[in-house]
Amino acid sequence: MAYENMPKMHTIYSSDSPSSHSPKEKDRGNLSLLDHFLKVFAYCRRAMVLAHRGGYWTLLQNCCRVFWNFTQELQILLKQTVDIYKTSLINQESFLCVSVIPFYLGAEFLIDMLINLQCTKSVKSIEDEGEFSVPSCYGNIKNDNGGSSLTFEHPLDDVNVVDLKWIHDFVLKALEILYQVEKWETLISLAIQFNEISHERYTEQVTPLLVYAQHQLLLRIQKFKGLDITQQPCTMYESKCGDKITCRNFIGKQLVINSSTMEEMETIYYTELLKVSVSSEYTRAKQLVCVPVDVSDTLRCFRETLEKSKYYNRLVRHSRKLLLLFLAQTQDVLQASNQRSLKVQALHSLGSLLLFAEKKRAAFKCWCQALDGLFRKPDVLYTWKELGTSPTNATNGSSPPSFQDYSEEFLSRLGIWGCLQGAVISAKIAQFIQTLNVSKRINCCILSALLFQGLLRTTLPHPKAEHCYAQYEITQLLPGIHLFSDRFRADICSVVASLYYIIRELHYVKQNLMVLPLLALYQYFVSGICQDLVRNLEARILKIEVLIDLGFFSDAFNEIIHIIYGRNMPCSIPAGCKPIGKMKTIQSFDTRKLLCSRENIQALDELMSKGLPPILVTLGRQHLLKKFVFVKAYFFISVAATVNCTSENTFCPGPVADKSKQNILNLKELYSRDDGFSFCSLSKARDESVFSMLKSVLLAEAEEKINILLAEKERLGHKNLSQCSAGELEIVVEGRLQLAAIALQRHRAAYSAAIIIPTLQLLQDSKLFKKKVVQDSTEHPTSPGAYTTENKDDNEFLDPVSLNAREYFNIHLWLRCRLALVTAFVAQVRGIGIVKENDMTDCMSLINEVCMEAKSADNPELQAELLTQAVVLGLQEKHLKADIIKNLQEIIHLLEGNEFISPQSSLTLARSLVLLDDLTKAEKFKESYFLKTEKLCFLTLAHNILIKQMLNFGEKVEFPLSNTEYANPLQPLNNIYLPHVMLLAKIKMRIGHTMAKQIHYSYQKRDPPKWVPALHLFEMALVLCRTAAREESEVEAEVLFQKGKIERQVMMEEISPTSQLESLYEAIQLSLRHDQNSELIRNSYLEMALLYFHLMKPSRRMSPSPLVLKEPFRRTSSFKEPIPNKFELYNSLAWIAIRAAAQVNEAVLAINLLIGKKNNRTDEVNQVALPNIPEFAAVDLLCSYTDYLFGMFGCLHILQKP
C-alpha cells in the first residue's frame, strides 16, 4: 500500500485557541484529515475485495478486523477531541458516509465466506437447510439461551477457523450504520442474508430493523409512484420461475429488472437527454426494489421463530434491555430452568446495580450467591480453601514441600469464563464491600488472583511457577478462543479494572510473588487486546517496583531498560510493517555476581547515564515520567541496601553533587581498567572502600533525582501542600518516604524520623480526608448524614490521574508511613549520648499505638512486623527476657499456619523462630538436662520455611535421602542478593552447633565419623556466607570458629590426625579485620592450645604426614638453630596460644575499665576530636529528630569539615 502518498495527521496542542487559525485553514485541515481517513478506509475496502476474490478467508477476517479497529480508534479520537477542544475535526455524518461502504462490503463478504466454508465442510453445520436455502453453522434459536455459558460452547467459542460471535457483531454494526444513513434496500438484503445463515437465531435483534426497512421501502415506492408490489422483480421472479422469494430463501436468487421505459426518451432533444436521463434513472431507482418487501411474510416468520425460542432466553434478553430492572425476577426462572451460568451472570449484574444504588448489603448478598453458584458450594467466599487437598509439609527438611495448585482446580471446576466471572466478583467484593477489614479484603483478593491465574492453566506453554513470570511475556493466551466476545460473560473493561485493583492491593501487602503472573496477564490484556500504551507503561513501572521488592534486581533492571528503549510496547500499526532497526545492547545487571563485579558496575553506570525514556517524553504524561524517576531511584536505593557498610559523608547539599560526579568518574575508571587481575583480586577481597563508594554513588544519585522532583512542591509549604490534588500529593508522599529510606541507610535515623513526621501531618491535614458539611434546609443542618468523606472538586474529579491516585491514599499508606517512623526510631542508637527525658518510653508507646492501629485494621502481617521492631528495641534497651519472648511468641502466632503468607512475612517468621530458639536456650543454659536433650524444632521449622521460599524464588535445592540431613541450595545461586541466603547460613550454623552438643552428650566412645553431619552443616553455612551479596563478616567468623572446634574434636579422636587449623586461623584474622570479637578470638586460641596439648602426648601414634604448620617469615642467618623435637614444638605452640588468649583477656579488661568510669557520661567531647568522628556516630551522639523539626542542627559544624 502506498502509505507515502497519504497526508500526515496534524498534531493539535492544548494551547491552540479557536482564533489562532483562520476558518479557511481549519476547513483545509479538516478536509485533509477527512481525505486521510477516506484513503485508509479505501485501502481496507480494497484489501477486503482482494481477499474475498482469492478465497483467503483468514486474511479477509483480518482485513475486516483491522477496519473494525480503525473505526473504533477514530470514534475514540473524535470523542476525546470534542471533550478537550470543544470542537470536532470530522462530524458524525462524515464518519458514517466514509465507513458505510466498507462495513457493508465486509459484512457481505463474511456471510459469503461462511456459505463457502460450509459447502467445503471447513466449518461444520449445526443445522441443515430445512426451510432455509443454506445450512447454518450458528444453529437456530433453540440453541440460544439468552446469553453465553461460562463453559466452552461449540461452535461460537471456537475461533480457530472463523469467529462467529465477532462476525455477528460486525454484521450488526453494519446494519446499524445502514440504518443511520437510510440505505433501506441494502439493509434488507444484508439482514435477510444474516437471518438465513444464522437460521434466525438472532431474529429478535435483526428482524425489527428488517420490518422497519421494508415499511420504508413501501413508503418510498408509494412516494415516487412506483410499480405495484405484484410487478416488482421479486413477484416477477415468482411468476417466471414458480418459486416465491421469501426472507428464508433469498440467498442464491438472481433478479432481473426490465428496461422498457428507455424507449420513451427517443423523442426528447439531445441537449436535454442527459438531464432527463439522470432524473429518470433516479426516479426509477426509487420506484423499484430487488429485495423482498412482504412485511406480513416477515412477521409470520418472526412469530414462528419466537414460538421456538425458550422463555428464559427472551426473559434474560428483555431484562438486559431494560437496564437490569427485572433481573431479580429472572432468578427464579433461571433456577427452575437449570441455567446456572445465566443465573450467575444475572446475579453479578444485579449486584452491580444494587451497589450503584448504594445498597451494599444487598449487593454483597447477590455476589456471594453468584460465587456459590459458580463453585456449587455454599459460603464459598470463606471456605474456598477447602476445595484443594492440603499439602504435606516436610518437618525434617529432607523432602521437597508439595505444591497445591488452586488455580488448576478452579479451572477444572468453573471453566475459563467461570474463572473470569468469579475473579471479577471477588475483586468487587474486596473493593466495594470489605473496605475496613484488611484480612478479609486480602482473602478476597487472593481468591480473585487464583481465579485469574486459572486462565494461565489452560495451555501448557504458560509456566506454573510464579517466579517464572518475572520476564515472561504472554503473546497468545488462549489460541482459538475469544474471551471477550460476550460482555455479560466477560467485559474487558471490568476485567482490566478489577485485575489492576487486585494487583495494587496485593502489592500493598507485599504479596509480590503472587502479583507477577497477574501483571503478565494484565499486560496481555492492555497491550495485546486494548492496545493501551499508557496502561502498559503504568503496569511496567509497577512491575519494576514489585521485582525490586522481591530482590529480583536483574529482572527489574531489564524492565527499566525496556522502557528506556521502548521495547515490547503495544503498537497500533498492524503486523507486517517494516520492523524497527536493531537496538543498542546494554550491559545487564547480573544477580549471580557481586555488586563490585565489572559487569554490575558497568550496568549501574550506564543506567545512571540514561535520561528520561523517549517514549514517556513523547507520550507527554507527567505522572508517568515522575513515577519512572521514582522507581529508578528506588532501584538504586534497594541495591545500595544490600551493601553492609557505611556510605561516605554526603550530608551537605552543596558538595553532594560534586562528590557524586567525582565518584561516578571513579566508578567508570574502576570497570574500565585493563588489568583484569587487579580487578578480580579487588572483587574477591571485597574491599570496603569500593563498597562504600558504590553505596554513596547510588544513594546520591537517587537523592538528587528525588529532590529535583520535590523541589517545586516543597517550596509551597505545609499549608499549600495540604490543598494539593491527589496526584500531586502522591508524588510528595512517595518522594519523602524514599528520602527517609536514604537517610536511614546513611545511619541518620533522627533525620529519617524528621522526614516522616511532617508527612504524617500532611496526610492528616490534606483536603482529601477533610469532611465537608453540606447545608440542609431542615432544622439540623449538621446531621451525621450530611457529611461526606471527600471534598469533591469538579475539575479534580475530571482528571483521571487524580482519580487513580486516590486509590493510593488508603490504610496501607498510613500504616506504611507509621512503620517507617517506628523503624527510624528503633534504628537510632541510644545510650552512647545524652538520652533525653521519655525518649525510649515514647518509642515503645509509639510501637504499641501503631500495633493497635494494625490490629484494628485486622492486618496481622504488619502487626507482626511492628512486634519485630518491639523485639529489636527490647534487645537494645535490655528489657525483660520474658517480655521479648512473649512478643516473639505473638509474632509466631500471627504468622504461623497462614498458607498464603507474603515472602517478607516468611522472613519475619523465620527470624522470630531463630531468635526465640536463642532466647529459650539462653534461659535454660544452666540446666544440664536441657543441654543433653536440646531440641531443634524451632530451627528446623525456620530452615524449612527458607528452603521453601528459595524454591519459590527459583533457586534449585538438593534434598538428601536421609532424614538426619538437611536440604541445601545448589551452587551457584541464581540470586545472591536474596536475604534468605545469609539467614539460612545462620540457621545452619545454629543447627550444627546444637547437633554437635547432642553428639558430645550422646556418644561416649571415640568415633570421628559421628561428627560428619555437624561438620557438613558448618561447611554449607560457610559457603552460603561467602556467597551472599550482603557480607556479614561476624557471622562468617563465627561459622569458621564452630567449624574449627569440630575439626579440632575430630583430630583429637583420630588415630592419625591429618587436618589443619586453617578454620581457627581464618576466624581470628577475619574477626580482627572487622568486628574484633574478643571472646571469639580468645576461644580460638584456646582451641588451638587444646589440640597442641593433645599432640604432646608421647603415646600418640602419629601419621606419616603429621600436622603441617605455617612457619612465619624469618630472615636468613648463617647460624643454624637446632631443630626441636615434636614435644618441644607442640609445647611452644600451646604456650604461644595461651599467651595470646591471655593478652586478649587483658585487652578486654582494659576496655571494661574504660567504659566503667563514673564521670564518663558527663564529659564533654573534645572540640579537636569532633571533625574526626564519623558522621553516623556524630548524629547518634548529638542529634535528635526534634532538632531537625525545629531547625536546631547541632551537628552541622561537625559534618562541615575543612
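The values are calculated or read from the model by the stated rules, or taken from the named source; none is laboratory data. Predicted, not measured: the structure shown is a model, and the values here were computed from it. Positions of Cβ are backbone-derived with ideal geometry, glycine not excepted, and every protein chain shown enters the neighbour counts.
Here is a check on your reading of the model: is Q738 part of a helix (DSSP H, G or I) and polar (S, T, N, Q)? Break it down into steps so the answer makes sense when it comes.
Numbers: part of a helix (DSSP H, G or I): yes; polar (S, T, N, Q): yes.
Considered against the rule, which asks whether it is part of a helix (DSSP H, G or I) and polar (S, T, N, Q), Q738 comes out as yes.
Of the residues that make up segment 1055-1062, is at least one assigned to a helix (DSSP H, G or I) and touching a Lys or Arg at 6+ places or on another chain (Cβ under 7 Å)?
no
Output yes when any residue across segment 599-613 is out of contact with any Asp or Glu (no Cβ under 7 Å at 6 or more places or on another chain), polar (S, T, N, Q) and surrounded by 19 or more Cβ atoms within 10 Å (Cβ to Cβ), and no when none is.
Kept after step one, since they are out of contact with any Asp or Glu (no Cβ under 7 Å at 6 or more places or on another chain), are these residues of segment 599-613: 601-607, 609-613.
Next, from what is left, pick out any that are polar (S, T, N, Q): 602, 609.
Filter once more, so that each one left must be surrounded by 19 or more Cβ atoms within 10 Å (Cβ to Cβ): 602.
Looking through segment 599-613, at least one residue is out of contact with any Asp or Glu (no Cβ under 7 Å at 6 or more places or on another chain), polar (S, T, N, Q) and surrounded by 19 or more Cβ atoms within 10 Å (Cβ to Cβ).
Could you list all residues from segment 848-867 that are part of a helix (DSSP H, G or I) and surrounded by 19 or more Cβ atoms within 10 Å (Cβ to Cβ)?
Going through segment 848-867, the residues part of a helix (DSSP H, G or I) turn out to be 848-856, 860-867.
Within segment 848-867, V850, C851, A854, P860, E861, L862, Q863, A864, E865, L866, L867 qualify.
Here's the yes/no breakdown for (1) farther than 30 Å from Q971 by Cβ; (2) part of a helix (DSSP H, G or I); (3) at pLDDT below 90; (4) touching a helix residue (DSSP H, G or I) at 6+ places or on another chain (Cβ under 8 Å):
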{"position": "K878", "(1), (2), (3), (4)": "yes, no, yes, no"}
{"position": "D883", "(1), (2), (3), (4)": "yes, yes, no, yes"}
{"position": "L894", "(1), (2), (3), (4)": "yes, yes, no, yes"}
{"position": "S906", "(1), (2), (3), (4)": "no, yes, no, yes"}
{"position": "T920", "(1), (2), (3), (4)": "yes, yes, yes, yes"}
{"position": "Y929", "(1), (2), (3), (4)": "yes, yes, yes, no"}
{"position": "L941", "(1), (2), (3), (4)": "no, yes, no, yes"}
{"position": "I945", "(1), (2), (3), (4)": "no, yes, no, yes"}
{"position": "Q949", "(1), (2), (3), (4)": "no, yes, no, yes"}
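Is it the case that segment 975-984 has a residue that's crowded, with 21+ Cβ neighbours inside 10 Å, in contact (Cβ under 8 Å) with a residue 12 or more places away in the chain and of a type in the set (S, T, N, Q)?
yes
Restricting the search to segment 954-963, which residues are surrounded by 10 or more Cβ atoms within 10 Å (Cβ to Cβ) and part of a loop (DSSP other than H, G, I, E, B)?
G954, E955, K956, F959, P960, N963
For a quick check of your reading of the model, give me the residue pairs whose first member lies in segment 456-476 and is at pLDDT 90 or above and surrounded by 15 or more Cβ atoms within 10 Å (Cβ to Cβ), whose second is among the basic types (K, R) and part of a loop (DSSP other than H, G, I, E, B), with beta-carbon atoms closer than 9 Å and at least 6 apart or on different chains.
Pairs that qualify, where the first residue is at pLDDT 90 or above and surrounded by 15 or more Cβ atoms within 10 Å (Cβ to Cβ) and the partner is among the basic types (K, R) and part of a loop (DSSP other than H, G, I, E, B), are L456/K464; R457/K464.
Every residue in segment 411-452 that is among the polar types (S, T, N, Q) and over 17 Å from G351 (Cβ atoms), please. Spell out the reasoning first.
At the first step, the residues of segment 411-452 found to be among the polar types (S, T, N, Q) are 412, 421, 426, 431, 434-435, 437, 439, 443, 448.
S412, N437, S439, N443, listed by residue number.
For the condition surrounded by fewer than 20 Cβ atoms within 10 Å (Cβ to Cβ), within 29 Å of R317 (Cβ to Cβ) and in the same structural domain as V123 (by TED's automatic domain parsing), what is the one hit in Q193, Q214, Q180, Q222?
Details: Q193 fails: surrounded by fewer than 20 Cβ atoms within 10 Å (Cβ to Cβ); Q214 fails: surrounded by fewer than 20 Cβ atoms within 10 Å (Cβ to Cβ); Q222 fails: within 29 Å of R317 (Cβ to Cβ).
The match here is Q180.
Would you check if there is a residue in segment 519-530 being surrounded by fewer than 17 Cβ atoms within 10 Å (Cβ to Cβ) and within 16 Å of the chain's Cα centre (by Cα)? Step through it out loud before you land on a result.
So in segment 519-530, the residues surrounded by fewer than 17 Cβ atoms within 10 Å (Cβ to Cβ) come out as 528-530.
Subsequent filtering for residues that are within 16 Å of the chain's Cα centre (by Cα) retains none.
Within segment 519-530 (the criterion being surrounded by fewer than 17 Cβ atoms within 10 Å (Cβ to Cβ) and within 16 Å of the chain's Cα centre (by Cα)), the answer is no, since none of the residues qualifies.
Check I90, I76 and return the single one that is assigned to a loop (DSSP other than H, G, I, E, B), at pLDDT below 80 and of a type outside the set (K, R).
On the way: I76 fails: assigned to a loop (DSSP other than H, G, I, E, B).
So the residue among I90, I76 that is assigned to a loop (DSSP other than H, G, I, E, B), at pLDDT below 80 and of a type outside the set (K, R) is I90.
Residues are listed down the side, and each one gets a yes or a no for (1) assigned to a loop (DSSP other than H, G, I, E, B); (2) at pLDDT below 90; (3) farther than 20 Å from L217 by Cα:
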site: V161; (1), (2), (3): yes, yes, yes
site: K173; (1), (2), (3): no, no, yes
site: L187; (1), (2), (3): no, no, no
site: L190; (1), (2), (3): no, no, no
site: T207; (1), (2), (3): no, no, no
